[in-house]
1. With respect to the cross-link table entries K199/K221; K312/K358; K189/K336; K189/K221; K221/K334, which display a Cα-Cα separation exceeding 19 Å?
2. With θ taken as phi - 60° and the coefficients 6.51, -1.76 and 1.60, list the Karplus ³J(HN,Hα) couplings across the range 219-227 in order, rounded to whole Hz; mark glycine and proline as x.
3. Could the peptides 198-208, 85-95, 346-356, 241-251 be put in order, highest first, of the mean number of other beta-carbon atoms found within 10 Å of their residues?
4. Using amide H atoms built 1.01 Å from N in the peptide plane, name the residues 5+ places from T318, or on other chains, whose amide H lies under 5 Å from its own.
5. Using amide H atoms built 1.01 Å from N in the peptide plane, name the residues 5+ places from D184, or on other chains, whose amide H lies under 5 Å from its own.
6. Give the long-range amide H neighbours of I39: residues separated by 5 or more places, or on another chain, with amide H under 5 Å away, using H modelled in the peptide plane at 1.01 Å from N.
7. Which FRET efficiency value, to the nearest 0.05, is calculated for D173 and E343 with the Förster distance at 35 angstrom and r the Cβ-Cβ distance?
Amino acid sequence: MQMPGRTYSSSTYRYGFNGKENDNEVKGTGNQQDYGMRIYDPRVSRFLSVDPLQTKYPDASPYLFSANNPIANIDVEGKYALFIHFMLTRYMLLQAGASEVQANLIAHYASVYADNPGGVNNFSKYKSYSTADIIIIKNIKDSQKDNPIFDKIGGKLPEDKVLKGVTHNTDIDYSRTAKSQSEDAEAQKWHSTRTYAEKNIVTSQEAVNRSLSNAWDMLFKSASESGIDNMQKNTDALQNFGLALHSFEDIEAHRGAVFRGIWSNGGGLFNWWGNEHNMKNDVNPDAARFGIPQFFVGNAILVHQVMSGNFKRLVDGTQISTQGMSADQIGQLKTKINGAGFEFNSNGNNTYMYSVTKKKS
């Protein structure tokens with residue numbers, strides 16, 4: 001029975017499963033979806049071609065989707081997972097003294113907002129359905145079961161924290177990152193990648209360096225506008241902070257890899273050859289190297305706190321990395337730390353590392 005005020009028509013919604021665009025004009029409404037890397041036919045539940053990256057992952061079926069975990073590992077243009085970003089950011093914020101509410105909110109911006117599966121602008125017209133919620137919970141529980149990195153970031157995520165964390169929210173504006181999974185210049189900075197056109201012009205290290213520089217620019221701007229405890233949805237302060245944290249995480253995950261977007265040929269002809277992005281490292285990060293993004297994120301959170309006037313975590317012997325900061329930003333940070341009663345001096349053996357020491361009376 002139809003319920004008053006509870007009806008909705010999906011005819012105006014252009015996206016289907018996994019946020020992929022419906023090519024309704026090709027085979028009729030909802031009968032074909034463009035995944036960028038390949039075309040999907042929902043009627044027979046089959047991709048019409050093998051995965052273009054099949055030779056890089058011989059242990060996986062060439063027709064496999066999202067590593068057989070189709071919701072926890074969201075397949076953007078047939079590629080990416082974002083759940084790790086949420087878990088890592090949330091845990092490091094909680095460790096830094098943020099409230100659970102703020103940790104969940106900022107982690108959402110560092111994951112779903114930053115990666116923006118499907119290039120969403122906003123979800124204000126669409127609602128979640130309970131069946132989908134149950135599926136999401138099950139897949140995320142399964143994805144955490146055997147992954148050793150979760151022991152380093154607080155263990156498994158409780159079910160009641162899942163839905164708001166890793167699904168698009170109806171009251172958040174995602175328009176700034178609508179081109180996140182493309183060859184857009186800003187997107188390359190967010191993800192520590194470079195385009196195929198830049199392959200012989202920009203080195204992988206140069207791509208990493210520009211991501212670091214851009215991340216610090218966003219973080220310092222965010223800290224000048226709001227402290228972590230007071231951040232609100234849809235503000236520049238929160239958007240910049242979330243994108244900055246995402247960038248610090250992707251520096252290790254992507255390391256300046258070449259990324260090819262779905263419209264790289266301009267005329268709508270997709271070409272994936274030349275992509276260097278490592279999907280396995282996104283879905284299952286190397287546990288031995290996971291300490292690197294952990295350090296970067298924890299360091300960035302501390303710098304944000306100091307720059308926004310929160311000195312509670314500054315203690316004698318604190319180490320801060322300034323890698324990627326400009327001389328002016330290092331100067332601003334030093335001024336803040338000095339004003340809080342501490343010295344801020346470069347370590348002799350590491351150009352980027354600075355020590356915080358209590359001023360002598």
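What follows is calculated from the coordinates using simple rules that are stated; it is not laboratory data. In this text the structure is predicted, and so the values were computed from the model without any measurement. For neighbour counting, all protein chains shown are included, and Cβ atoms are generated from backbone atoms with ideal geometry for every residue, glycine included.
1. K199/K221; K189/K336
2. Each residue's phi maps through the Karplus curve to give 5, 5, 5, 4, 5, 6, 9, 6, x Hz.
3. Result, highest mean first: 241-251, 85-95, 198-208, 346-356.
4. Residues meeting the criterion, in which the H sits 1.01 Å from N, are V356.
5. Long-range HN contacts for D184: none found.
6. Result for I39 returns L48, S49.
7. Details: r = 42 Å, r/R0 = 1.20.
E(calc), rounded to 0.05, equals 0.25.
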